[in-house]
Amino acid sequence: MRLRRKPYGFRVVDASGGNSVRIELREHGLTLIGDREGIWHATGGPDDVDLKGPSVALVRVRRVDGVLRVSDHTGAPLGRVRAEPQQATAYDAAGTPIAIARHGGGGGRLAVVTRDGAALGFVVGDVTPERAALSFLPAFSTPCRAALLALPAVPAKTEAPPEPG
């Protein structure tokens with residue numbers, strides 16, 4: 001995935017699926033317009049965000065005891081990410097490590113690999129290993145991943161976004 005800053009916000013391109021997402025910075029948070037998935041909204045801040053989309057009622061990301069925890073709208077866990085000094089590890093809901101993000105490959109790229117070292121992908125841009133690992137949780141579609149990569153830019157307001165249409 002490649003995160004690029006644009007005048008309106010960001011553009012995220014998922015090279016593996018050919019999908020791209022336009023991320024617009026709005027007063028209420030981020031509005032994500034996916035090529036295929038429709039319109040998503042993200043509100044909150046880097047450690048406390050809610051994602052709403054057309055096919056997902058709500059995904060929550062919260063920092064608890066230094067760990068980013070991801071849950072669905074009912075509070076059921078979807079995964080978590082633990083940051084370490086040079087890398088970050090994403091775990092699925094059962095606690096199995098599924099993605100490790102670390103600097104590598106040059107050019108500011110973050111390599112994301114399985115616990116066995118098989119490549120899952122690369123993330124390019126101003127992204128921390130923690131955000132890169134978080135974006136590779138299997139529960140996320142391209143717009144969700146795009147929002148997770150852009151989270152540091154989300155305004156700290158938490159009021160609900162306006163309903164589309």
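Just a few scattered comments:
- Per this entry, G125 is not counted among residues that are closer than 23 Å to V49 by Cα and over 17 Å from the mean Cα position of the chain (by Cα).
- Restricted to the range 103-147, and to residues there that are surrounded by 24 or more Cβ atoms within 10 Å (Cβ to Cβ) and among the polar types (S, T, N, Q), the residue that is modelled with the lowest pLDDT is T142.
- Selection status of V56, assigned to a strand (DSSP E or B), at pLDDT below 75 and closer than 18 Å to A139 by Cβ: no
- Odd one out for A94, checked against (1) assigned to a strand (DSSP E or B); (2) more than 22 Å from T43 (Cβ to Cβ); (3) at pLDDT 90 or above: (1)
- Qualifying residue in the range 28-46 (condition: modelled with pLDDT of 70 or more, assigned to a loop (DSSP other than H, G, I, E, B), surrounded by fewer than 17 Cβ atoms within 10 Å (Cβ to Cβ) and not aromatic (F, W, Y)): no
- Checklist (1) of a type outside the set (F, W, Y); (2) part of a strand (DSSP E or B); (3) over 15 Å from the mean Cα position of the chain (by Cα); (4) at pLDDT 75 or above applied to G75, failing item: (2)
- Cross-chain or 6+ apart pairs with Cβ under 7 Å, the range 109-126 first and more than 14 Å from A146 (Cβ to Cβ), then β-branched (V, I, T) and surrounded by fewer than 17 Cβ atoms within 10 Å (Cβ to Cβ): L120/T114
The values are calculated or read from the model by the stated rules, or taken from the named source; none is laboratory data. The model shown is predicted, which means the values in this text are computed figures rather than measured ones. As a convention, Cβ positions derive from the backbone with ideal geometry for all residues, glycine included, and neighbour counts pool all protein chains shown.
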